[in-house]
Amino acid sequence: MTQPNPEPEDEEIDLEEAAELLDDDPEEALEEEDQPAPELVYRRQFFDAIKRQLNYSLLALSIMAIPIGVLAAYGSYGFLAAFGMLGDLFERESGLDTHIQKIVVLVVGGLIFGCLLRWLGWDRFRTPAHVIVACSEREGRIPLKDGLFTAAADALALGMGAPVGRYGPAIHLGATLGSFIARVFHLGKSSVKILLGCGVAAAISASFNAPIAGVIFAHEVILGHFRLKAFAPITMASVAAVAITRFHHHEYVALKLWEQPRTLNLWDYPIYIGIGLLGAGIAIVYMRGIIQTGWFAQKSRIPLMLQPAVGAGIAGAIAIFVPQILGLGDETIQTFLEQDIDSPRFAIGALLLLGIGKLIASVVCLGFRMPGGSFSPAIFIGSSMGAIMGMLIPFIDYQIAVLVGMGAVVSCVIGAPLATILIVFELTENYYAATAVMVGVVAANGLVTRFFSRSLFHRQIRMWGIDLSRPEEQRIMQAQRVGDVMHETYLAVRPHRTVAELRALVDRGHRSEVFVIEEESSRLIGQLSLSDLAIAEPDTTAEELSEAYEIWLKESDSAWSGFVSLENYTGLAVPVVNNGEDMKLVGMVYTSDFVSIYRDAIKSARSDEGGG
């Protein structure tokens, strides 16, 4: 049975040739054809030219990055102002006892967030992990509602005092704005990813008042590369964002040194490496806690709508004993850094209690689907650990010990050692502090990468079944389906057909395997090669001559899985079936098709690399 040929693709037809076929005059054919108005043609050409410039011009992308940086800065600034006003509102309007108020407000907020999750159809609020996946797997496309609802929910959560962070949602909001603007102008996927990175860099720059760290974070964590076409626009966006922040006199209150640290000695560095390794252990506990709590919440019988309320209630109960764990805790972190160790406000016991309390409260909230980030809690936990070590080891600089502890935990959680070092350097403007943090961060990330993952985000993504380490051409081919590239013209015969009949069919020009299918269901039974057909007896039936097929593919298989399956295949074509149960033959794919697809994927991947 020969399947009908597919409809040919549209081809450009010469007007004079078409007129000759119609026995008509070329000028008359041109007059009869509907032509768009000249002004519409010029307008289309104008916008096409703009689009080409935005996609391929480094200068055009850099200019376009500036408004994205401004918008992301105002988004981050407005986000900070929103949860500040909400916090003041809850404190002013509530007439309940302070401790009871905290628990009631948090639980009510948890119920609101649970209802919001159900209404949105999400299993959790969006995080930087979703931004990384969007950049790597979805051509940089992030729905606008994802960023807006995530930012609004986190602002409400922080206003209620939830022990979560603001930087993750701010990053997601910045990425959403960059992606949205790129898609409004119908830019290509490479440009969409770059402008997404611009939004991320601007969010970090505005949040920490650290433009260099913002640039490095976007490349290091989100894009995963450092290329000129991306570097220039992202730098412009980050600088624009910090300019807006400084124009409004917004300053990150934590991590400010109250006195210049002393000069470091050679024997100080091994101690800071040890603090970094301890920070790595704490980071692993923190990240595993979030993942395991999330797994428990998913497997438990607690409805999704109630899970945020459960986490919020537990956090509120912990806050009865250590109220400083609620909210961002920036002022408490600054107290850790600037307190006098001879008469400290927080002694070792208090620091230990605060660190453990913040860890448990944030783990429970994030694991039970509360909105918020993991960045700020990591700063709090790491700073408390560093402060403890600074008090226990009196011959090292106390402030640097706090910074090393903070940097070690944070860099492991977010997977950004370079950005963390630069944040410390930009905020402290101290070379000695930056070098000490550098050795601690490097040691911590080496340990965490070996025994956990590159970051919390990368571990979550791996749990979602996505391998970020695979090459770009593999990603491209995994996005293509076998059903989209298969040929619907093939030679399939019933089992009773004889070799003589098959030879007549093959003589008409068929040059690949012949497939044998059942009479009624078209179920694939086997296949036979042309070489076997040439030497077989004329009266042999197809069923007698056929062999079991070596491999077969489903329509829904990816082009990459099909390509990999050909490693030991010696045939010319592979049968394609509708599914693994019915095994109904629907097409075939030549092995040479996969070679062409792979070649095109490599070209596309290298084109993206060259263009940023």
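The values are calculated or read from the model by the stated rules, or taken from the named source; none is laboratory data. Given the structure is predicted, the values throughout are model-derived calculations rather than measurements. Positions of Cβ are generated from backbone atoms using ideal geometry, with glycine treated the same way; all protein chains shown enter the neighbour counts. Note: accessible area is taken over every heavy atom of the protein model, side chains too, but ligands, DNA and RNA are not part of it. Shrake-Rupley method; radii C 1.70, N 1.55, O 1.52, S 1.80 Å.
Computed over the stretch 355-474, relative contact order equals 20 percent, with contacts defined as Cα pairs under 8 Å that lie 6+ residues apart.
The amide H of residue 493, built 1.01 Å from its N in the peptide plane, has 515, 516, 517 as neighbours under 5 Å, considering only residues 5 or more places off or on other chains.
On full extension, the segment bounded by residue 534 and residue 137 gains 138.2 nm, given 0.36 nm per residue less the C-alpha separation. Sequentially through the stretch 343-351, phi angles give Karplus couplings (6.51, -1.76, 1.60; θ = phi - 60°) of 9, x, 6, 10, 6, 4, x, 5, 4 Hz, Gly and Pro residues having no value and appearing as x.
Per residue, the accessible area of the stretch 271-350 comes to 46 Å², computed with a 1.4 Å probe over protein heavy atoms only. Would you mind getting me the FRET efficiency between residue 500 and residue 584? Use the beta-carbon distance for r and R0 = 22 Å, nearest 0.05. Using R0 = 22 Å, I get an efficiency of 0.20. On the basis of the beta-carbon distance and an R0 of 56 Å, residue 606 and residue 489 show a calculated FRET efficiency of 0.95. Karplus-based coupling profile of the stretch 402-412, in residue order and whole Hz: 4, 5, 5, x, 4, x, 4, 5, 5, 4, 6, with θ = phi - 60° in 6.51 cos²θ - 1.76 cosθ + 1.60 and x standing for Gly or Pro. Calculate the length of the line joining the C-alpha centroid of the stretch 557-595 to that of the stretch 415-475, in whole Å. First find each Cα centre; the distance between them is then 40 Å.
Take the Cβ-Cβ distance between residue 352 and residue 111 as r, set R0 to 30 Å, and report the resulting FRET efficiency rounded to the nearest 0.05. That pair, residue 352 with residue 111, gives E of 0.35.
Can you give the accessible area per residue of the stretch 159-203, in Å², using a 1.4 Å probe?
Roughly 17 Å² per residue, with all protein chains present.
These residues, 68, 356, go from largest to smallest accessible area, 1.4 Å probe, as 356, 68. Summing Cβ point charges (Lys, Arg +1; Asp, Glu -1) relative to the Cα centre of the stretch 132-277 gives a dipole of roughly 440 debye. Expressed as a whole percent, the accessible surface of the stretch 94-248 that belongs to carbon and sulfur atoms is 67, based on a 1.4 Å probe.
Rolling a 1.4 Å probe across all protein chains gives residue 227 an accessible area of roughly 70 Å².
Computed on protein heavy atoms with a 1.4 Å probe, the accessible areas place 529, 512 in the order 529, 512, largest first. Accessible surface for residue 501 stands near 80 Å², nearest 10, in the context of the full protein assembly shown (1.4 Å probe).
In this structure, the amide hydrogen of residue 573, modeled 1.01 Å from its nitrogen in the peptide plane, lies closer than 5 angstrom to those of 513, 591, counting only residues at least 5 positions away or on a different chain. Residues in the stretch 481-595 average 50 Å² of solvent-accessible surface per residue, probe 1.4 Å, ligands and nucleic acids excluded.
Note on the stretch 143-289: dipole from Cβ charges, positive end direction compared against 232, 244, 276; the farthest Cα belongs to 232. For the stretch 518-612, with all protein chains in place and a probe radius of 1.4 Å, 48% of the accessible heavy-atom surface sits on carbon or sulfur. Using +1 at the C-beta of Lys and Arg and -1 at the C-beta of Asp and Glu, which of 458, 410, 428 has the Cα lying farthest in the positive direction of the dipole of the stretch 410-480? Positive-end residue among those listed: 458. Placing 86, 117 in order of accessible area, with the largest value first and a 1.4 Å probe, yields 86, 117.
For the stretch 358-443, which whole-number percentage of the solvent-accessible area (1.4 Å probe, protein heavy atoms only) is attributable to carbon and sulfur atoms?
Values: 1380 of 1840 Å².
Carbon-and-sulfur percentage of accessible area, whole number: 75.
May I ask which of 554/584; 102/299; 193/229; 554/603 have a Cα-Cα span longer than 19 Å here? The pairs that break the limit, which is 19 Å between Cα atoms, are 102/299; 554/603.
3J(HN,Hα) along the stretch 526-537: x, 8, 9, 8, 5, 5, 5, 5, 6, 9, 7, 5 Hz, from the Karplus curve 6.51 cos²θ - 1.76 cosθ + 1.60 with θ = phi - 60°, whole Hz, x for Gly and Pro.
Once all protein chains are placed together, residue 248 keeps about 60 Å² accessible to a 1.4 angstrom probe.
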